[in-house]
Amino acid sequence: MVVVERDFPELVARAEQIVAGTVTDIKQEADAAGAPVTLVTFSDLTVLKGDVGDSLTLRFYGGEAGEVVVHIPDMPTFAIGDRAVLFVAGNGRDVCPLVGVWQGRFNVRFDTTQQADVVETNDRVPVVAIAGRQIVRGGAAAETAGAAAMPLNAFLDSVAGELAHPAISAPPVR
């Protein structure tokens, strides 16, 4: 799978829906053509963009359907109880309903040091800041070593700020 790198304004602009929620159901089944799909339902939603009801079910290509198993490298996976901020586009149409595949999923976890929910990338690296167009990840670099993960509320405020004052115009919906 070829994935184009997306910066923060692009994630926000390209998303049809942006939500924070908790995984409450996962089902694997065959689509109309017999290909396996995984349906992941999120509830307890905070909706920042788009028209979403009380829950949102995302359709990911791959999984198990009968004797057919399809695994797609780098496709985000979920477990019941996972919490995430999701940048959704192409749900039910695209192989992955997240903008930039793994780039459109941010894990939420409770940080006992901060006593607050914080945000991590899909690969569980702490997000420490949104700086201009970039999502600054924690890591070994001197400027981010030991930096605290960004609180969920600050991340959601950054999304709301980008929605209110976009750095780029929204691309046309396919």
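Candidates 61, 112, 152 compared by Cα position along the dipole of the chain: farthest toward the positive end lies 152, with charges placed on Cβ. In the full protein context, the stretch 8-164 carries 47 Å² of accessible surface per residue, based on a 1.4 Å probe and ignoring ligands, DNA and RNA.
Counting only protein heavy atoms, what percent of the accessible surface of the chain is carbon or sulfur at a 1.4 Å probe? For the chain, the apolar C and S fraction of the accessible surface comes to 51 percent. Figure legend: label point modelled 7 angstrom from the Cα of residue 44 along Cα→Cβ; residues of the stretch 91-107 with amide N under 17 Å from it are 106-107. With the largest listed first and rounded to whole Å, the semi-axes of the equivalent ellipsoid of the stretch 1-74 from the Cα gyration tensor are 25, 18, 9. Each residue, residue 168 and residue 133, gets one label point 7 Å from its Cα in the Cβ direction; the gap between the two is 0.7 nm. Just in the stretch 63-157: which GluC sites (Glu not before Pro) are loop by DSSP and have at most 11 other Cβ atoms within 10 Å? Taking the stretch 63-157 and a limit of 11 other Cβ atoms within 10 Å, the loop GluC sites (Glu not before Pro) found are 67, 143. Residue-normalised convex hull volume from the C-alpha trace of the stretch 8-164: 116 Å³ per residue.
Each of 34, 131, 23 was scored by the projection of its Cα onto the charge dipole of the stretch 8-164, and the greatest displacement toward the positive side belongs to 131; charges sit on the C-beta of Lys, Arg, Asp and Glu. A Förster radius of 25 Å combined with the Cβ-Cβ distance from residue 69 to residue 124 puts the calculated FRET efficiency at roughly 0.50.
Tell me the net charge near residue 92. Cut-off is 12 Å between Cβ atoms, residue 92 excluded, with +1 for each Lys or Arg and -1 for each Asp or Glu.
On the way: positive: 59, 93; negative: 16, 31, 94.
Net local charge, residue 92 excluded: -1.
Each Lys and Arg contributes +1 and each Asp and Glu -1, all at the Cβ; summed about the Cα centre of the chain, the dipole is approximately 260 debye.
The values are calculated or read from the model by the stated rules, or taken from the named source; none is laboratory data. Treat the numbers as computed from the prediction; the structure is a model and nothing was measured. Using ideal geometry, Cβ is built from the backbone for each residue, glycine included, and neighbour counts are taken over all protein chains shown. Heads up: the accessible areas ignore ligands, DNA and RNA and are worked out on the full protein's heavy atoms, side chains in. Shrake-Rupley method; radii C 1.70, N 1.55, O 1.52, S 1.80 Å.
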